[in-house]
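Colleague: Structure in structure tokens, see below.
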Amino acid sequence: MKRTQRETEDSARQIGRRSLVVGGLFVATSAVLAARMRYLQVERADDFRLLAEENRINIRLLPPARGLIFDRNGVIVAGNEQNYRITLVREDAGDVDAVLAELGRIVNLDMVALDRARAEIARRPPFVPVTVADRLTWAELSAVAVNAPALPGITPEVGLSRIYPMGGDFSHVVGYVGPVSDYYLEQTGDTDPVLQIPDFQVGRNNVEARLEHTLRGSAGTKRVEVNAGGRVMRELDVDAPDPGSDVQLTVDAGLQNYVEARLTGESAGSVVMDCQTGEILALASAPTFDPNLFVRGISTAAWNGLNADPYRPLANKATQGLYPPGSTYKMIVALAALEAGVVTPGDTVNCPGHMDLGDRRFHCWRRGGHGRMDLVQAISQSCDVYFYDVAQRVGIEAISAMARRCGCGVRHDLPLSGIAEGLAPTMQWKAQNRGAAWVVGDTINASIGQGFVLSSPLHLAVMTARLATGRAVQPSIIRSIDGISQLPAPAPDMGFDPTHLDYIHRGMWQVNNDRRGTAYGSRVDVSAYGVAGKTGTSQVRNISAAERASGVISNADLPWERRDHALYVGYAPYDTPRYACAVIVEHGGGGSAVAAPIARDILLRAQLGEIPPPELYPSNQRRDIERMHRELPILPSPLVPSGRTVRSQA
């Protein structure tokens, strides 16, 4: 049927309207799509680029090299060695057991370490690498690398591990490192991402722990391209880690080795200081232990063995051990009395072998007494009764104030673990801590370094250095960090009357060099190297009146743990004091017989820089001294420095 003109025009108008609607919708849709594309491609370009790269690029942390620790002469005492190891990432491995089984066909795996690794894999997030084998040979590492396509999630790595080339000599100074544990993270609250790196090592005690952040450095990063299976295709870029700072100690490795060797077989501690600067030249505790055992995690058997040893090798007796200082404390009493003006050097006290106070008798170590003693003689022959009398005149407050002034009863600030404060007791201390009033008997006990008085070898070495020089030297053990000096400023004068100090020095000189001195057997035959000192013997048990009447039991006849402690403090050379030394031998017996010979040898070694020759000793001792030195486990001297420059602004 033929359409009319009107119908044709109406149809045309409808088509035009529809075209406009469709066209408008098309244009609007195109505009929306274009705007969305612009938003995704321009405004969100960085976000989507990052998401895309995360699908093909892994960012891995690179551990920093731990800072080295040197002795004062540049000998490395804590270094790093290469360690070839294999790590596994659970989310990349898929079937972990199958991958480990395949790995076991390529290299021999330690089953104990493997079980530990499985437990670590299960505990850690799936993206964190876990070490499954370490200390591999280069051949084993190469074999794993060649078979990499068959080992998803496995990565061969070359890392660094701590090593202590001098073994146990520095275990109580440097300390050791160990793996990061949950306990460590909980106690320190450390959130450094570098701690997530497999087998990363952190300091666990002493210098390694106290200077952890100085020695640790900061992590670097490495971006690598991986395929869909997680296999590394290529390395894109590396942001190198910053190594930790190098630390130089004040300790002399040769002297430290000698002191440790000289203490062999004893439960003992010793500190050697530079009298002028306060630098600690040796800080030894015996027996020692090998810190290398702790680097990868010590075995249960080894740990139990160290803890079960009655000589307590893990304890640092030089700084943590607190002991009654015995007669080494008598110089404190004498100087307090002189400075207070309650005695003069010429005043004498008669010693009949005891002093009676009320219904109690205080005995002198010499049963028959010393007769009439002046100050120098009382120090030289260690007359107890003289100091009983003087202490009552000066009083405990002045004695303890002098002790703190000379470095006892205070905590010295050193980067070591567990520095003991010691105790110089006062009336207020006893009232607060014992709930009792101070009595005269307490003062008498304190006058000979017994009763409540407690000191460590560090305290006694500082005391000796201050008495020798009259200067308030502060102990230090860090010489420099990255070449920047850490030594304290020169010590100020303590303001003692030089005449008073001279009498103290004369008494200490006679201890070793007068025939009636308590350490005459430990004298030096050449005056240029002469030693001045003081012996001490501190009781660890009470001697009853009945035992005194029947005869005091000899230390040799007592069980080891009930014998007296042996002590000695001294300095050398006498005319120009340079080195101060303190020695404690737990349950060693008499200070004159046990501690004094050790300290004499140590002070000679410090002065000479080498093993003392027999000619410096009394003629009747030379053969025994020569034999002793042949048998000691002493390293060659001088030790060879690392060759690496250690800058120091001393």
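The values are calculated or read from the model by the stated rules, or taken from the named source; none is laboratory data. Nothing here was measured: the structure is a model prediction, and the numbers come from that model. Cβ atoms come from the backbone with ideal geometry, glycine included; neighbour counts cover every protein chain shown.
Colleague: Pairs please, first residue from region 300-324 and in the same structural domain as Ala424 (by TED's automatic domain parsing) and on the phi > 0 side of the Ramachandran plot, second anywhere and surrounded by fewer than 17 Cβ atoms within 10 Å (Cβ to Cβ) and part of a loop (DSSP other than H, G, I, E, B), Cβ atoms under 8 Å, 6+ apart in sequence or on different chains.
Modeller: Once the first residue is in the same structural domain as Ala424 (by TED's automatic domain parsing) and on the phi > 0 side of the Ramachandran plot and sits in region 300-324, no partner that is surrounded by fewer than 17 Cβ atoms within 10 Å (Cβ to Cβ) and part of a loop (DSSP other than H, G, I, E, B) comes close enough.
Colleague: Also, quick follow-up: Being out of contact with any His (no Cβ under 6 Å at 6 or more places or on another chain), outside the structural domain of Phe170 (by TED's automatic domain parsing), closer than 30 Å to Ile69 by Cα and of a type in the set (A, V, I, L, M), is that true of even one residue in region 398-405? Break it down into steps so the answer makes sense when it comes.
Modeller: Pass one, region 398-405, residues out of contact with any His (no Cβ under 6 Å at 6 or more places or on another chain): 398-405.
From what's left, outside the structural domain of Phe170 (by TED's automatic domain parsing): 398-405.
Next, from what is left, pick out any that are closer than 30 Å to Ile69 by Cα: none.
Among the residues of region 398-405, not one is out of contact with any His (no Cβ under 6 Å at 6 or more places or on another chain), outside the structural domain of Phe170 (by TED's automatic domain parsing), closer than 30 Å to Ile69 by Cα and of a type in the set (A, V, I, L, M), which makes the answer no.
Colleague: Applying the selection to region 584-643, what residues are of a type in the set (Lys, Arg) and surrounded by fewer than 22 Cβ atoms within 10 Å (Cβ to Cβ)? Explain how you work it out, then say what you get.
Modeller: So the first thing to find is which residues in region 584-643 are of a type in the set (Lys, Arg), and the list is 600, 605, 622-623, 627, 630.
Matches in region 584-643: Arg622, Arg623, Arg627, Arg630.
Colleague: Considering each residue of region 83-98, count those that are touching a residue at least 24 places away in the same chain (Cβ under 8 Å) and out of contact with any strand residue (DSSP E or B) (no Cβ under 6 Å at 6 or more places or on another chain), and give that number.
Modeller: So in region 83-98, the residues touching a residue at least 24 places away in the same chain (Cβ under 8 Å) come out as 83-94, 96.
Retained after the next criterion (residues that are out of contact with any strand residue (DSSP E or B) (no Cβ under 6 Å at 6 or more places or on another chain)): 89-94, 96.
The qualifying residues number 7.
Colleague: For region 439-459, name all the residues that are surrounded by fewer than 24 Cβ atoms within 10 Å (Cβ to Cβ) and not in a helix (DSSP H, G or I).
Modeller: Of everything in region 439-459, those that are surrounded by fewer than 24 Cβ atoms within 10 Å (Cβ to Cβ) and not in a helix (DSSP H, G or I) turn out to be Val439, Gln450, Gly451, Phe452, Leu454.
Colleague: Moving on to the next point. From the list Pro352, Pro310, which residue is surrounded by fewer than 19 Cβ atoms within 10 Å (Cβ to Cβ), of a type outside the set (D, E, K, R) and more than 24 Å from Gly588 (Cα to Cα)?
Modeller: Working: Pro310 fails: more than 24 Å from Gly588 (Cα to Cα).
The match here is Pro352.
Colleague: Taking into account only those residues within region 134-146 that are buried (at least 16 other Cβ atoms within 10 Å of the Cβ) and modelled with pLDDT of 80 or more, which is nearest to Asp413 (Cα to Cα)? Before the answer, list the steps.
Modeller: Initially, region 134-146 is screened for residues buried (at least 16 other Cβ atoms within 10 Å of the Cβ), giving 134, 136, 140-141, 144.
When the remaining residues are screened for being modelled with pLDDT of 80 or more, the result is 136, 140-141, 144.
Working: Leu136: 42, Glu140: 47, Leu141: 46, Val144: 49 Å.
Filtering first and then ranking leaves Leu136.
Colleague: Among the residues of region 266-282, is any exposed (fewer than 15 other Cβ atoms within 10 Å of the Cβ), touching a Pro at 6+ places or on another chain (Cβ under 9 Å) and part of a loop (DSSP other than H, G, I, E, B)? Lay out the reasoning, then the answer.
Modeller: Residues of region 266-282 exposed (fewer than 15 other Cβ atoms within 10 Å of the Cβ): none.
Within region 266-282 (the criterion being exposed (fewer than 15 other Cβ atoms within 10 Å of the Cβ), touching a Pro at 6+ places or on another chain (Cβ under 9 Å) and part of a loop (DSSP other than H, G, I, E, B)), the answer is no, since none of the residues qualifies.
Colleague: When both residues are 6+ apart or on different chains and their Cβ atoms are under 6 Å apart, which pairs have a first residue that lies in region 187-206 and is farther than 15 Å from Thr221 by Cβ, and a second that is outside any helix (DSSP H, G or I) and among the polar types (S, T, N, Q)?
Modeller: If the second residue must be outside any helix (DSSP H, G or I) and among the polar types (S, T, N, Q), the pairs left are Pro198/Thr87; Pro198/Thr131; Asp199/Thr131; Asn205/Ser417; Asn206/Ser417.
Colleague: Now for a separate question. Does Tyr329 satisfy the condition of being in the same structural domain as Ala268 (by TED's automatic domain parsing), under 42 Å from the mean Cα position of the chain (by Cα), within 19 Å of Ala465 (Cα to Cα) and assigned to a helix (DSSP H, G or I)? Explain how you work it out, then say what you get.
Modeller: Working: in the same structural domain as Ala268 (by TED's automatic domain parsing): yes; under 42 Å from the mean Cα position of the chain (by Cα): yes; within 19 Å of Ala465 (Cα to Cα): yes; assigned to a helix (DSSP H, G or I): yes.
So Tyr329 passes the test.
Here's the yes/no breakdown for (1) crowded, with 18+ Cβ neighbours inside 10 Å; (2) on the phi > 0 side of the Ramachandran plot:
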{"site": "Gly395", "(1), (2)": "yes, yes"}
{"site": "Ile399", "(1), (2)": "yes, no"}
{"site": "Met402", "(1), (2)": "yes, no"}
{"site": "Val410", "(1), (2)": "no, no"}
{"site": "Pro415", "(1), (2)": "yes, no"}
{"site": "Gly422", "(1), (2)": "yes, yes"}
{"site": "Trp429", "(1), (2)": "no, no"}
{"site": "Ala437", "(1), (2)": "no, no"}
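Colleague: Can you find a residue that is outside any strand (DSSP E or B) and of a type in the set (Asp, Glu) anywhere in region 146-164?
Modeller: no
Colleague: Give the residue, chosen from Arg479, Arg466, Arg516, that is farther than 28 Å from Ile419 by Cα and of a type in the set (Lys, Arg). Don't jump to the end; show me each part of the working.
Modeller: Values: Arg479 fails: farther than 28 Å from Ile419 by Cα; Arg466 fails: farther than 28 Å from Ile419 by Cα.
Going through Arg479, Arg466, Arg516 in turn, just one is farther than 28 Å from Ile419 by Cα and of a type in the set (Lys, Arg): Arg516.
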